[in-house]
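For reference, the structure discussed in these notes is given below.
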Amino acid sequence: MEFNNILKSSFLMMFLFIIILLIAFIVFSIIVNWKLYKKANKPGWASIVPVYNTIVLLEIIGYKWYYIFFFFLGFIPIVGNIALILFIISQRIKLAKSFGQETAFGIGLWLFYPVFAAIIAFNKNINYVAPMVNGDIDFNDLF
């Protein structure tokens with residue numbers, strides 16, 4: 001009986017620890033995205049509004065708002081998922097270039113977004129340059 005109580009309390013402590021870590025990660029992500037949007041001369045609150053944050057991120061890169069529909073590609077089996085992954089990689093690389101960074105930094109944004117976005121947000125030497133896309137996707141320059 002005593003062992004069950006110890007086991008239950010251990011699971012409870014582990015669950016609470018995971019919840020605290022999750023909340024800390026969410027708060028960190030909100031702060032990073034807020035600063036990233038402010039650095040790109042967009043309202044910081046736009047980073048916490050679902051769907052609108054993606055539209056504003058597309059504007060930072062230079063895409064038109066209706067490119068948000070590319071995210072529906074994920075509903076198409078196999079081919080759509082591959083196309084969506086390629087679009088997201090391209091989007092992250094364009095985001096890095098919008099802040100004057102190289103392609104490798106864009107790959108880092110794709111793989112470890114919170115870390116590399118924090119580098120952009122908190123580094124005073126990295127500034128928003130300009131949108132890297134002129135409204136539409138140039139299929140000759142996806143990356």
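Results, tabulated for the structure shown:
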quantity: Dipole of the range 2-122 [Lys/Arg +1, Asp/Glu -1 at C-beta], most positive-end residue of Ile61, Phe71, Phe28; calculated: Ile61
quantity: Spin-label pair Phe11/Phe112, simplified geometry with 7 Å Cα→Cβ offset, distance in nm; calculated: 3.4 nm
quantity: Cα-centred dipole magnitude for the chain, charges only on beta-carbon of K, R (+1) and D, E (-1), debye, nearest 20; calculated: 380 debye
quantity: Unit charges at the beta carbon, dipole of the chain: most positive-side option, Ala96, Asn123, Ser9; calculated: Asn123
quantity: P(r) tail fraction, the range 1-56 - alpha-carbon pairs more than 16 Å apart, %; calculated: 58 percent
quantity: Ranked list, fewest to most other Cβ atoms within 10 Å of each Cβ, for Met14, Met132; calculated: Met14, Met132
quantity: Crossing angle, helix 52-61 versus the chain [Cα axis fit, 0-90 degrees, rounded to tens]; calculated: 40 degrees
quantity: Nonlocal Lys pairs with alpha-carbon distance under 16 Å, the range 2-122 (8 or more apart, or different chains); calculated: 4
quantity: Stokes-Einstein diffusion coefficient of the chain, Kirkwood radius over Cα pairs, 37 °C, 0.692 mPa s, in µm²/s; calculated: 194 µm²/s
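Only the coordinates and a few stated rules stand behind these numbers; no lab work does. Here the structure is a predicted model, which is why all the values come from computation and not from measurement. All Cβ positions, glycine included, derive from the backbone under ideal geometry; neighbour counts span all protein chains shown.
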